[in-house]
Amino acid sequence: MDNDDNKFDNEELKDENLFFKMKLMAEYGAYFSGPDGGSKVSPEIENQFLKNIEEFEKQFHSGKRVTISQRLKNPVFEKEDSIPDDKISEALKNVRNLLNENSISLDALCDVTDRELYRFIMEELIHQEVDDVNMPGMMSCFIYEEFYPNQEHNIGNDCSNFFHFFLTKEYNFYAHHLAENLKGESYLKHFSDSFTSFEKLDFAITSINIEGEKAHVHFTADFIGTIDITQQKQRFCGSGEMELTFDGEYWYIERVVLPKKVDDF
């Protein structure tokens, strides 16, 4: 009898879940697909998942936004310039704990002093607006560099990503790093098309020099190119250069000097 009751309860829950899905699709344009690999989710777990989605959609579509200070219930913080150096790390830790407790996270991609992060939170971050959505496990995430870009870090990432995708011959991925003069049938494309594949042995940026809207990057690289018909391999090793230009938002590579060929085999 218990098995029959459980079966009935499951069928009832499945019907409720189907109703939930239709409601979410009609009211919020939700889309549902089956789980990967054909695995099945229990009706109980699916039901809780759908309830969470419904609650999120209700809160999100209310359109209400609040400042982070309001989310924190407008606490009074100690001013940055009144905190001694030996206390600033502890003060920052306490503030970040408060942010996390209220579903706000702040990260920095590069080295930023504790004092600067504390100042940034007190003077700028707490005035930022977030959606007034309170859901377990949902965070509003901020990155310091979105407000204060570290151009050297951005340039290094752009050059490293370009070189990776250049050697994997994924043109669509590396082309967006290039200035217009290097797109299409440039010498880079002709060089890449001369080989069927590349093997990267090493790549390292050795220096980045920024002057206004121009940047000059020196790097070392070691890679092997394979020619399909003959299976001949050529090794390129040594120093190289990249020159970039800034358009006010992004850096674009406008010149690349690859390492010289050092061996055929």
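Note on region 151-264: with charges restricted to the Cβ of Lys and Arg (+1) and Asp and Glu (-1), its dipole about the Cα centre is near 380 debye. Taking the chain as a Gaussian network of alpha-carbon nodes connected by springs under 10 Å, the highest mean-square fluctuation of the residues M22, M122, M138 belongs to M22. Amide H contacts of L106: F142, each under 5 Å away and 5 or more positions distant or on a separate chain (H built 1.01 Å from N in the peptide plane; Pro and chain starts excluded).
Of all DSSP bridge pairs formed entirely within the chain, close to 90 percent run antiparallel. For the chain, modelled as a GNM whose springs connect Cα atoms under 10 angstrom apart, the maximal fluctuation among V130, V76, V41 occurs at V41.
About the centre of its Cα atoms, the chain shows a dipole size close to 540 debye [charges on the beta carbon of Lys, Arg (+1) and Asp, Glu (-1) only; nearest 20 debye]. Among 105-113, 148-156, the peptide with the highest mean count of other Cβ atoms within 10 Å heads the list, and the full ranking is 148-156, 105-113.
Each semi-axis of the equivalent ellipsoid for region 115-265 is √(5λ) with λ an eigenvalue of the Cα gyration tensor; in descending order they amount to 39, 18, 15 Å.
In sequence order, region 198-209 has phi-based couplings of 10, 10, 7, 9, 6, 7, 8, 7, 9, 7, 9, 10 Hz under the Karplus curve 6.51 cos²θ - 1.76 cosθ + 1.60, θ = phi - 60°, and Gly or Pro positions carry x. The helix-based estimate of mean residue ellipticity at 222 nm for the chain, built from -39,500 (n - 2.57) per DSSP H run of four or more residues and divided by its residue count, is -12500 deg cm²/dmol to the nearest 500. Distant-in-sequence amide contacts of L178, defined by a placed amide H-H separation under 5 Å and a gap of 5 or more residues or a different chain, comprise I253.
Whole-Hz Karplus values for region 170-179 come out as 9, 4, 5, 7, 8, 5, 6, 8, 9, 6 Hz, taken residue by residue from phi with 6.51 cos²θ - 1.76 cosθ + 1.60 and θ = phi - 60°; glycine and proline positions read x.
Quick note: the coordinates plus some simple rules give every number you see, no bench work behind them. Everything numeric in this text was worked out from a predicted model, so none of it was measured. Here the Cβ is made from the backbone with ideal geometry for all residues, glycine too, and neighbour counts use every protein chain on show.
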